[in-house]
């Protein structure tokens, strides 16, 4: 397994909790929960109470085949419990419901837009420190004009998992907050890391 941990020296507020886990074990657990080889380096932003990774924050730009590319959907929800419960909400029409609320509830929409603006500023700030030289205009434009889910439609939700990941990581996404209110955050009794292991064995 390669090294996927990014340089976090410039990332204010990135939480690496003292959970008696080595970085190598954190990395391995995060990749296993992600379920695929990541395309870009990442760090663990939040943990479930049992110590397993919950939300990952990836580099918003990465180099592939010699070409630098933007990566706006840079927050990944990896907790198996939260992923499953959020998927259930999506199956029951919550994506459409939140999209309609963004159009009909001005206060809700203003909170959402403010959170997306903060995320855009964070992505650009991170990208400027990662990219060698001046950040190209086309990359900057994508990182500033898309939601945390990578969508240009600020009236559409697209993926509840991304919005929940933002709320857990930064507490500034009203859609994610509403999702969390319905499914509740994890507790130590949920044993999220064990749940992931059981699912991989099934």
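The values are calculated or read from the model by the stated rules, or taken from the named source; none is laboratory data. The structure presented is a predicted model; accordingly, all values stated were derived computationally and were not measured. Backbone-built Cβ (ideal geometry, glycine too); neighbour counts: all protein chains shown.
Odds and ends about this structure:
- Taken residue by residue, region 134-154 has at least one member that is more than 23 Å from residue 62 (Cβ to Cβ) and modelled with pLDDT under 95.
- Residues that are within 25 Å of residue 194 (Cβ to Cβ) and surrounded by fewer than 20 Cβ atoms within 10 Å (Cβ to Cβ) within region 47-75 comprise 49, 50, 51, listed in sequence order.
- Flag if residue 5 is at pLDDT 85 or above, in contact with a strand residue (DSSP E or B) (Cβ under 9 Å, 6 or more places away or on another chain) and surrounded by 12 or more Cβ atoms within 10 Å (Cβ to Cβ): no
- Residue ID - nearest to residue 78 (Cα to Cα), chosen from residues in region 180-193 that are out of contact with any strand residue (DSSP E or B) (no Cβ under 8 Å at 6 or more places or on another chain) and in a helix (DSSP H, G or I): 193
- Checked against the criterion of being within 13 Å of residue 147 (Cα to Cα), outside any loop (DSSP other than H, G, I, E, B) and in contact with a helix residue (DSSP H, G or I) (Cβ under 8 Å, 6 or more places away or on another chain), region 83-92 contains not a single residue that satisfies it.
- Checked against the criterion of being within 22 Å of residue 57 (Cα to Cα) and either touching a residue at least 40 places away in the same chain (Cβ under 8 Å) or more than 17 Å from the chain's Cα centre (by Cα) (or both), the candidates 82, 89 yield just one match: 82.
- Considering residues of region 172-181 that are farther than 18 Å from residue 53 by Cβ and without any contact (Cβ under 8 Å) to a residue 24 or more places away in the chain only, the residue farthest from the chain's Cα centre (by Cα): 181
- All conditions in (1) assigned to a helix (DSSP H, G or I); (2) in contact (Cβ under 8 Å) with a residue 40 or more places away in the chain; (3) over 20 Å from the mean Cα position of the chain (by Cα) hold for residue 110, with the sole exception of (2).
- Total residues in region 25-53, condition in contact with a strand residue (DSSP E or B) (Cβ under 9 Å, 6 or more places away or on another chain), more than 13 Å from residue 80 (Cα to Cα) and at pLDDT below 85: 4
- Out of 177, 169, 196, one residue alone is in a helix (DSSP H, G or I), within 14 Å of residue 79 (Cβ to Cβ) and at pLDDT 90 or above. It is 169.
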